[in-house]
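Worksheet for the structure shown next.
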Amino acid sequence: MRKNFTAVLLAGALAGTLALAACGGDDSGTGGSDDANTLNIVGYSVLEQANAGVISAFQDTDAGKGIEFKESYGASGDQARAVIAGQDADEVHLSLEPDVQKLVDEGLVADDWKDNDTKGICTQSVVVMVVRTGNPKNIKTWDDLIKPGIGIVTPNPASSGSAKWNLLAAYGSVLGEGGSEEDAQAYLQKFFANVAALPDSGRDATTAFTSGTGDVLLSYENEAILAKQSGTDFDYIVPDSTLLIQNPCAIVDGASAKAQDFMDFQKSEEGQKLYAATGYRPLMDVGDLDVDGANDPTNPFPEPATLLTIDDDFNGWADANTKYFDENDGIITKIQAEAGE
């Protein structure tokens, strides 16, 4: 029997509203709060509403009783830099692995943070194309994005983790069809020529698009589903070729012991069902679900014809981040700069 999560989502949204009052924390430095019953969560922007229901449910468990949360959300790269600068954090839940690696390099997260059943991943999704209601520009494929007159909205890879997922999905769509690196680079040159806006974060990109900018928004599938749950009027497309998005989470050095309890709950079947309620693809089989806002609520997470992964198609983030996004020599960085973006 499928379960409908609308009630859970509404309760989570209320919890999120209350949690926002606790955002920010003090300036006592990285490594959590002096209060063992307070957890400081630092996350990427799109995660904010999804975490609300998960946190509320955790507080109803024996492990979570009496635990208060202080939350901070923003562009993933900016959040990593904030923790390095001293922002309180017990758990970081960021958009992509290189942002956690920055914390490892600073001695703030243990080297073995990925040595667990999920390889350090708490949530996952795929890259989708969000279009105006009724899809007036008839956008269905990656080739459609580079047609004349198409305005693309995607976050800026200088600050946003979601931007890197989006751009690698676009690049990989060419490689997945047998194209060469040169072909993929030529495609991205045309892609950037059509970019209408590069907001700082995934959430800012959604706001720009819903405010009228562009014809297509590259986004996380979960962000599109959550926006539709909230009443936003647009459509989204899961392209035949897309990229699996995997968002890492890690415990910060000196964190409260309760941080591990919370992370265990996030990765549990119950936690993954709650994340699925707001559009994330669960990390394990959690049974049949109805997810409001999905194109087909009874089959919310269709399998794309080609699902690229960072490890299999881009040799892992350690290589991909340098090859494509190095601030001086990255392939995509250079294409973006040449396009004046």
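Read-outs: derived from the displayed coordinates by stated rules, not from any lab. Keep in mind it's a predicted model, so treat the numbers as computed, not measured. No Cβ is skipped: glycine too gets one built from the backbone with ideal geometry, and neighbour counts run over all protein chains shown.
In plain terms, the C-alpha convex hull of region 29-157 casts an average shadow of 10.8 nm² when viewed from every direction.
Note the direction-averaged projected area, equal to a quarter of the hull surface, for the Cα convex hull of region 130-252, in nm². Don't jump to the answer; show the numbers that get you there.
Numbers: hull surface 33.5 nm².
About 8.4 nm², averaged over all directions.
Highest mean packing first, where packing is the average number of other Cβ atoms within 10 Å per residue, the peptides 324-336, 262-274, 80-92, 110-122 line up as 80-92, 262-274, 324-336, 110-122.
About its Cα centre, region 194-294 has a charge dipole of approximately 220 debye under the convention of +1 per Lys or Arg Cβ and -1 per Asp or Glu Cβ, with nothing else charged. Over 18 Å apart at the Cα level, from the set Lys228/Lys267; Lys70/Lys258; Lys65/Lys114; Lys102/Lys164; Lys164/Lys323, are Lys228/Lys267; Lys65/Lys114.
Panel note: the C-alpha atoms of region 283-341, placed on their principal axes, show extents of 46, 26, 18 Å (largest first).
Close amide H contacts of Tyr236 (hydrogens built in the peptide plane, cut-off under 5 Å, sequence separation of 5 or more or a different chain): Val131.
Give me the percent relative contact order of the chain, please, defined on Cα pairs under 8 angstrom at least 6 residues apart.
24
Here is the tail figure for region 201-341: Cα pairs spaced more than 23 Å apart come to 51 percent of all pairs. Rg and Dmax, both from the Cα atoms of the chain and both in Å, are 19.2, 57. For the chain, find the longest principal axis of its Cα atoms and tell me its angle to the long axis of helix 258-267, 0 to 90°, nearest 10. For 258-267 against the chain, the angle is about 40 degrees.
In debye, nearest 20, what is the charge dipole magnitude of the chain about its Cα centre with +1 on Lys and Arg Cβ and -1 on Asp and Glu Cβ, if you could check?
1040
Checking the a/c ratio against 1.5 first, then a/b against b/c, what shape does the Cα gyration tensor give for region 146-185? Since a/c reaches 1.5 but b/c is at least a/b, the shape of region 146-185 is classed as oblate.
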